[in-house]
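See below for the structure under consideration.
The values are calculated or read from the model by the stated rules, or taken from the named source; none is laboratory data. As the structure is a computational prediction, the values presented were derived from the model and not from experiment. Glycine gets a Cβ as well: all are built from the backbone with ideal geometry, and neighbour counts include every protein chain shown. For the accessible areas, the whole protein counts, side chains as well, though only heavy atoms, and no ligand, DNA or RNA atoms are used. Shrake-Rupley method; radii C 1.70, N 1.55, O 1.52, S 1.80 Å.
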Amino acid sequence: MEVRKIGVVGAGQMGSGIAQVAAQAGYEVVLVDVAEGPLAKGMERIRSSLARLLEKGRLSQEEHDQTLGRIQRSLLLEDLKEADLVVEAILEDEGAKRELFTRLGALTRPEAILASNTSSIPITALARASGRPERFIGMHFFNPVPVMRLVEVIRGQLTSDETRDAVVEVARRMGKEPVEVQDYPGFVSNRLLMPMINEAVQALMEGVATKEAIDQVMRLGMNHPMGPLELADFIGLDTCLAIMEVLHRGLGEDKYRPSPLLRRMVQAGLLGRKTGRGFYVYD
Ligand code: CAA
């Protein structure tokens, strides 16, 4: 099945990035959010990212204008009726995602593929809520979406080969490298990344080193572009905690227990860049 039109639900950091790379790849895009505020903010993020690419000569003026012209913005899920693929990128809440997929399953064309950008919620459970588990799959993008090359492709228990093939092709056309993994808590990316971040928080709590020193060790010693605490602020400490809880619940081992400091920071509303303060302070 050929994908021509892609719907993206959720105009946050991830959803706006996905809409941007889809439009850059030549797809017609409908970007939907529930409220005007986040939708306008998402479009602004896309505009400034494309402006950056134009400035650097990575996009011509024509490609820039055409890309923007391919993105239709909407406050109505009904505008996704004609989409061949819908990628969900709303908040990381299983109940909210299930409810959305039940609605999408009822209103999109029966042959359309539904995908979730979830970073840790079981794909198989979301697939069931959609009522079309064969045409349901995880497409997990990484932040910042226009820069990061990976798309983790997660098959649910009943995902068909055709669905997998279709999204692999879409990811490649977006200039990404799809990597297929099974539906297991945290998939591969967060099963490896989050325990490292959690351990860094624990080391900070135990006074092993300062936050700057912990980050420097990983940046300079392991060549990571960001230290783990800096990266936690970038991802959002609430997201990190939610993923650690999924790992802890799903895999059951004590090594996945969220650090008490991580929990306390989330309770205090120190969520990282998005709230202006996490392990570091942002202007
Ligand atoms: N749109 C377009 N281009 C962008 C961009 C954006 N939003 N953000 C950065 N860039 C480009 C810059 O223009 C720059 O391009 P050039 O090389 O042509 O100059 C390049 O990316 C590097 O950016 P900067 O020079 O501004 O900054 P940097 O070198 O410090 O890199 C970074 C920034 C790419 C974010 C880098 O620090 C990095 O890779 N950090 C780690 C990010 C990471 O691990 N992400 C995954 C998080 S986990 C996740 O998302 C999923 C999950 O489930 C939790």
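Taken about its Cα centre, the chain carries a charge dipole of roughly 240 debye when the Cβ of each Lys and Arg holds +1 and the Cβ of each Asp and Glu holds -1.
Between Asp79 and Arg264, the simple label model (points 7 Å from Cα in the Cβ direction) yields a spacing of 4.5 nm.
Summed over the residues of segment 158-230 and divided among them, the accessible surface reaches 54 Å² per residue at a probe radius of 1.4 Å. Scanning the chain for GluC sites (Glu not before Pro) that sit in a DSSP loop and have at most 15 other Cβ atoms within 10 Å, the longest stretch containing none of them is 112-205. Within a straight-line Cα-Cα reach of under 30 Å, Lys255 can be paired with the following lysines, leaving aside sequence neighbours fewer than 8 residues apart in one chain: Lys97, Lys211, Lys274.
Kindly identify segment 5-182 as rounded, prolate or oblate by the Cα gyration tensor criterion: order the square roots of the eigenvalues as a ≥ b ≥ c, call it rounded if a/c is under 1.5, otherwise compare a/b with b/c, prolate if a/b is larger, else oblate.
Values: a/c = 1.79, a/b = 1.44, b/c = 1.25.
Since a/c reaches 1.5 and a/b is larger than b/c, the shape of segment 5-182 is classed as prolate.
Between Lys255 and Val181, residue separation times 0.36 nm minus the direct Cα-Cα distance comes to 24.4 nm. Please state the shape class of segment 20-76: rounded when a/c is under 1.5, otherwise prolate if a/b exceeds b/c and oblate if not, all from the C-alpha gyration tensor. Oblate is the answer for segment 20-76, as a/c is 1.5 or above yet b/c matches or exceeds a/b.
For segment 237-281, the equivalent ellipsoid derived from the Cα gyration tensor has semi-axes of 22, 9, 7 Å, listed largest first.
Let me make sure I get this right: for segment 191-281, a, b and c are the square roots of the gyration tensor eigenvalues over alpha carbons, sorted descending. Under 1.5 in a/c it's rounded, otherwise prolate if a/b > b/c, else oblate. Which is it? Cα axes put segment 191-281 in the oblate bin. Beta-bridge orientation, the chain: approximately 20 percent antiparallel, per DSSP, counting only bridges with both partners inside. Relative contact order, whole percent, for the chain stands at 13, derived from Cα pairs under 8 Å and 6 or more residues apart. Extending 7 Å from Cα along the Cβ direction at Arg52 and again at Val147 yields two label points whose distance is 0.6 nm. Counting only residues at least eight positions apart within a chain, or on another chain, the aspartates and glutamates with an alpha carbon under 16 Å from that of Lys5 are Glu28, Glu78, Asp79, Glu82, Asp84, Glu88, Glu111, Glu169. In percent, rounded to a whole number, the relative contact order of segment 163-272 is 26, using alpha-carbon pairs under 8 Å and six or more apart.
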